[in-house]
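Readers should treat all values here as calculations from the given coordinates under stated rules, not as data from a laboratory. Because the structure is a prediction, the values reported are computed rather than measured. Heads up, the Cβs are rebuilt from the backbone with ideal geometry, glycines too, and the neighbour counts pull from every protein chain shown.
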Amino acid sequence: MPARTLVIIAHPDLSGASRVNRRWAAELDRFPDEFDVRDLYALYPDGVLDEAAVAAERAALEEHDLIVFQFPVYWYSAPALLRTWTDEVYGFGWAYGGEQAAPGEPGRKLAGKRFAVAMCTGDIEANYRAEGTVGFTPSEVIIPFRATANYVGASCEPEPFTLFGTEGDLSDGELERSASSYISWLRAL
Ligand SMILES: Cc1cc2nc3c(=O)[nH]c(=O)nc-3n(C[C@H](O)[C@H](O)[C@H](O)COP(=O)(O)O)c2cc1C
């Protein structure tokens, strides 16, 4: 059986206002043998990760070799809790600070792991290029994720899975197709 993938979802209202991330999360739930899902805003509704939460998040990361961050793009970044999560979970002596340590040992717990990003954008694809109104490609938008992975000795897929135009006239059919493409993309990682 292939190794399970950890999918960390950051959406402030996944079970309510979300359309895309909610549909993608429902698709992940169809394959519980393949995907372990953590819904950060449901786990930490007050936006705080205490010591027990940090320990739980670290344990989840340690159990998986492939970790995917799924979120709606908010201001060319991820919703805020994913930053808080990173600040708290990627601590000195756990994620970094042990350059001489072997991967998986304290200070290098994330070394050798693989990361990827799945995201959706309100704006259209044509604007996510050098000459578009955004001026940057999706691969450039996720540079903080790629740099963070490099820093901790891990790797990050340079191209995120991206669904564009979610605030336009995205049809139900397109949303359905994106859900199955998302699963295919995850399986191919
Ligand atoms: C606070 C906020 C900031 C946003 N910033 C961006 C942005 O920088 N670029 C973009 O293309 N869409 C932006 N959007 C649109 C979201 O990406 C869009 O609502 C999301 O893809 C829809 O996903 P959902 O149905 O799961 O909520 C923003 C939306 C909100 C609420």
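Computed about its Cα centre, the charge dipole of region 5-188 is approximately 300 debye, with only Lys, Arg, Asp and Glu carrying charge at their Cβ. Taking the Cα centre of region 1-91 as reference, the dipole from Cβ charges on Lys and Arg (+1) and Asp and Glu (-1) amounts to some 460 debye. Here is how the number arises for the chain: DSSP H runs of 4 or more residues each give -39500 (n - 2.57), the sum is divided by the residue count, and the result at 222 nm is -10000 deg cm²/dmol.
Taking the average, over residues, of other Cβ atoms within 10 Å as the packing measure, peptides 132-143, 6-17 rank 6-17, 132-143 from highest down.
Please work out the Cα center distance from region 131-174 to region 1-62, rounded to the nearest Å. Measuring centre to centre over Cα atoms gives 19 Å. Close amide H contacts of HIS11 (hydrogens built in the peptide plane, cut-off under 5 Å, sequence separation of 5 or more or a different chain): LEU40, TYR41. Over the chain, what is the relative contact order in whole percent, taking alpha-carbon pairs under 8 Å and six or more residues apart? Rounded, it is 21 percent for the chain. Angle of helix 80-89 to the longest C-alpha principal axis of the chain, folded into 0 to 90 degrees and rounded to 10: 10°.
Using a simple spin-label model with pseudo-atoms 7 Å out from Cα toward Cβ, ALA17 and ALA126 lie 2.8 nm apart. Considering only LEU6, PHE69, GLY112, and ranking their Cα positions along the charge dipole of region 5-188 that arises from unit charges at the beta-carbon of Lys, Arg, Asp and Glu, the one farthest toward the positive end is GLY112. Computed over the alpha carbons of region 5-188, Rg followed by Dmax gives 16.4, 52 Å.
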